[in-house]
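None of the figures in this text is laboratory data; all of them are computed from the coordinates on show. Because the structure is predicted, anything quoted here is derived from the model rather than measured. Note: ideal-geometry Cβ built from the backbone for every residue, glycine included; neighbour counts use all protein chains shown.
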Amino acid sequence: MKLQFLGTGAGIPAKSRNVTAIALKLLEEKGSIWLFDCGEATQHQILYTNIKPRRIDKIFITHLHGDHIYGLPGFLSSRSFQGGETTLTVYGPKGIHEYIRVSLAVSQTYLKYDLNIVEIEEGTIFEDDDFIVEAKILEHGVTSYGYRIIEKDRPGKLNTDKLLQYGIKPGPIYKRIKDGENLTLDDGTIINSQEFLGTAIKGRIITILGDTRTCSATEVLAKEAKVLVHEATFSKEESSIATEYYHSTTVQAADTAKKAKVDCLLLTHISARYDQSLTEQLLQEARAIFPNTYIAEDLAEFEI
């Protein structure tokens with residue numbers, strides 16, 4: 001599982017930072033990639049990565065401000081030309097369906113794959129055998145969601161040596177035992193799968209927040225997350241501006257990470273007013289409160 005930042009800037013594109021888009025790579029877990037927001041030129045940024053658009057089968061939009069959605073019509077269209085034939089689902093606030101529908105209709109764009117659009121509310125918005133995705137409304141100028149991605153606990157390591165001692169040779173039966181299925185062998189022996197599995201592997205939690213100022217929802221979504229992705233549009237000296245425009249500062253993000261007891265904090269959505277020479281200052285502001293903090297740069301990749 002990896003996070004790759006395709007855009008880390010706020011508001012408008014800058015020379016060193018494109019606008020928001022984050023790829024959650026679940027290639028080992030599910031063979032797919034989930035995209036969080038799709039700012040202008042996201043498909044251009046993808047060209048500098050190993051991401052294949054056809055692998056992206058879910059897009060989660062945090063809110064409908066332009067710097068988070070202007071790249072969506074272009075990406076949806078290009079995915080069709082680039083061999084994407086599997087169903088793609090877009091999740092987002094009320095209005096995302098109309099935005100996509102009008103964009104594709106006016107441009108006479110026809111997709112070669114099925115597109116599902118889900119206008120979400122708070123609560124569990126997706127669940128399968130491997131993951132749960134929960135959404136909660138944050139505090140911003142428009143409806144803005146934060147997402148909590150919960151990986152379900154995985155079975156422990158299979159004790160193959162013990163299986164061989166029972167005369168059970170490798171084959172499809174190993175997968176059935178790994179999946180927790182109890183079996184009866186030809187000689188009547190009952191196989192309790194739990195006897196051959198190690199301690200369950202605790203699932204990871206990743207929290208990705210949309211634009212927000214400090215609020216209780218951020219801490220709830222981030223509780224004990226492995227990674228928290230939090231906007232840090234402003235430095236601590238500009239907390240009043242951050243509050244006025246419904247954004248967060250570096251120290252506010254760090255304070256949330258500390259209270260929520262997360263493992264790692266990744267800061268993004270950095271204002272263009274902070275050039276590369278000031279990035280270190282922003283980083284140190286946050287690390288003074290939460291040491292395990294990093295500022296994401298465009299195309300940076302983080303192992304989870």
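Using alpha-carbon positions, what is the distance between the centroids of segment 63-118 and segment 207-259, in Å? The distance from the Cα centre of segment 63-118 to that of segment 207-259 comes to 28 Å. Where (i) 19.3, 60; (ii) 18.1, 54; (iii) 21.7, 74 are the candidate values, the label of the one calculated here for Rg and Dmax of the Cα atoms in Å is (iii). For the residue pairs Lys94/Lys202; Lys52/Lys223; Lys2/Lys236; Lys152/Lys226; Lys25/Lys226, the alpha carbons lie more than 23 Å apart in Lys94/Lys202; Lys52/Lys223; Lys2/Lys236. A Gaussian network model of the chain, with springs between Cα atoms under 10 Å, assigns the largest mean-square fluctuation among Arg55, Arg79, Arg176 to Arg176.
Summary of the geometry: segment 135-183 and segment 5-59, compared by the centres of their Cα atoms, lie 26 Å apart.
Working ranking of peptides 184-196, 276-288, 259-271 by packing, defined as the average number of other Cβ atoms within 10 Å per residue, highest first, is 259-271, 276-288, 184-196. For the options Ile177, Ile51, Ile100, a Gaussian network treatment of the chain with springs between C-alpha atoms closer than 10 Å singles out Ile177 as fluctuating the most.
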